[in-house]
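To keep things clear, I will list the structure first and then write my remarks on it.
The values are calculated or read from the model by the stated rules, or taken from the named source; none is laboratory data. These figures come from a predicted structure and were not determined experimentally. Cβ placement follows ideal geometry from the backbone for every residue including glycine, while neighbour counts extend to all protein chains displayed. The area values use the complete protein model at the heavy-atom level, side chains included, leaving out ligands, DNA and RNA. Shrake-Rupley method; radii C 1.70, N 1.55, O 1.52, S 1.80 Å.
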Amino acid sequence: MRFLDRLLRRDGYYAQIESIEVDPPTALLGEPCTITVVTSQTGPRSTVTGVLYGPGGEALRLRFARVGESVFQQEWRAETTIDAGAGRWRAGVRVEDDTAETAFDVTDRAETVETRIRDFTVQPEPVEPGEPLSFGGRLERSAGRDEWTGLPDGQLILLSFRAEDEFAWRVITETKTGEGGFFAATATAVESGLWRAEFPGTAAFLAFRGPEVASTAPHTEGDVKLTHGRNPAKVRRGKTVRHGGTVHFWSGTSWRKLGSGRAVTLQVNGANQAGDTTDRNGGYTIKERAQASGGRRAIFRKQDSYNAGRSDPERKVTVTN
């Protein structure tokens, strides 16, 4: 039965959408914008499809091309121009059986004020995993020709991280500006990658994503990372949700697939459920009889010279009666 279940999965994976981003974060009427989608566990024939939906019933179909690939993720990009329909738009995307959407604003450049984030810093550099990082910078608004000034206090700033071997950006923490537009925040270093600060914008001020700053928090030989996909994302109570992925370990120079016989456990809302052992390519398959909505993770506990690890982010499953 295990063999049959693996055959039913194309390439042994369940494709997942990790993130969707629109650039610029506030799209401008009549100007090009880019939609970037990051996926994981896709097969060689997988493709991303998507549509932009406008507030007045507009629908713009997107044509995505794969522009990047790593051990863990793939990056897809589509470009378009929105000529009419200021207001709140939605980007809906699909890869195989997984779907996701994000909302963004479209406006006329003449009706808003440009912003920027200046002097963004991440300290210390380098840093040990598990140690604190400090962030600082200043949010400014255009005050006319080549003039900039700080925004009023209390503006939201999002701090996002992208691991060096991945493409998806994830919001780790947030803060608010103080006097003069200055802001500060702290977070815990996990691994090497890039950090950035983002201002999500307001009705009067354009959203802005700041420059990327590298942070070095090196892996230790034997560190573990897990990919994890689930299918379906919505199911009736008592029906089967299939989970699968691959366990990788850091060899000291690169990520490699773990060998056979290593235990992987599925957690549902933080509680241990079913498990599996890896095959010779580090793959695992777990069947869950779904009982409750919430988050799912794959957990690898420390085994011999391999450190503990878990899949990230959680995969949400909705269970209906």
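Could you work out how much longer the chain between residue 71 and residue 174 gets when fully extended? Use 0.36 nm per residue separation minus the Cα distance between them, nm to one decimal.
Stretched out fully, the residue 71 to residue 174 stretch lengthens by 34.2 nm.
Would you mind telling me the share, in percent, of accessible area of the chain contributed by carbon and sulfur at probe 1.4 angstrom?
Exposed carbon and sulfur together represent 46 percent of the surface.
With a ≥ b ≥ c taken as the square roots of the eigenvalues of the C-alpha gyration tensor of segment 217-274, please select rounded if a/c is under 1.5 and otherwise prolate if a/b is larger than b/c or oblate if it is not?
Prolate is the answer for segment 217-274, as a/c is 1.5 or above and a/b outweighs b/c.
Report the extension gain between residue 111 and residue 164 in nm, rounded to one decimal, defined as 0.36 nm multiplied by the number of residues separating them, less their alpha carbon distance.
15.3 nm
Taking the alpha-carbon distance from residue 234 and a cut-off under 20 Å, which lysines remain once sequence neighbours fewer than 8 residues away in the same chain are dropped?
287, 316
Quick one: 3J(HN,Hα) in Hz for segment 56-73, Karplus 6.51/-1.76/1.60 with θ = phi - 60°, rounded, Gly and Pro as x.
Each residue's phi maps through the Karplus curve to give x, x, 5, 9, 10, 6, 9, 10, 9, 10, 6, 10, x, 8, 10, 4, 9, 9 Hz.
Sort all Cα-Cα distances of segment 68-223 into consecutive 5 angstrom bins from zero, then give the percent of pairs in each bin up to the one containing the longest distance.
All Cα pairs, binned at 5 Å, distribute as 2, 8, 15, 17, 16, 16, 14, 8, 3, 1, 0 percent.
Got a number for the accessible area of residue 67? Probe 1.4 Å, square angstrom, nearest 10.
Residue 67 exposes around 80 Å² with every protein chain in place.
Using the heavy atoms of the protein chains alone and a 1.4 angstrom probe, what is the accessible area of the chain per residue in square angstrom?
So the chain comes to 50 Å² accessible per residue, rounded to a whole number.
What shape does the chain have by the C-alpha gyration tensor, where a ≥ b ≥ c are the square roots of the eigenvalues, rounded means a/c under 1.5, and otherwise prolate means a/b greater than b/c and oblate the rest?
Here the chain falls in the oblate category.
What's the magnitude of the charge dipole for segment 1-141 around its Cα centre, counting Lys and Arg as +1 and Asp and Glu as -1 at the beta-carbon? Answer in Debye, nearest 20.
So the magnitude is around 520 debye.
Does segment 150-271 come out rounded, prolate or oblate by the C-alpha gyration tensor, with a ≥ b ≥ c the root eigenvalues, rounded set by a/c under 1.5 and, if not, prolate when a/b is larger than b/c and oblate if not?
oblate
Roughly how many Å is it from the Cα centre of segment 141-181 to that of segment 220-241, as a whole number?
Between the Cα centres of segment 141-181 and segment 220-241 lies a distance of 33 Å.
How high is the FRET efficiency from residue 45 to residue 293, r the C-beta distance, R0 35 Å, rounded to 0.05?
For residue 45 and residue 293, the calculated efficiency is 0.65.
Can you tell me which aspartates and glutamates have their Cα less than 13 Å from the Cα of residue 257? Leave out same-chain residues fewer than eight positions away.
Partners within reach: 223, 279.
Which loop GluC sites (Glu not before Pro) in segment 127-215, with loop taken from DSSP, have no more than 13 other Cβ atoms within 10 angstrom of their Cβ?
When the GluC sites (Glu not before Pro) of segment 127-215 are filtered for loop state and at most 13 Cβ neighbours within 10 Å, 147 remain.
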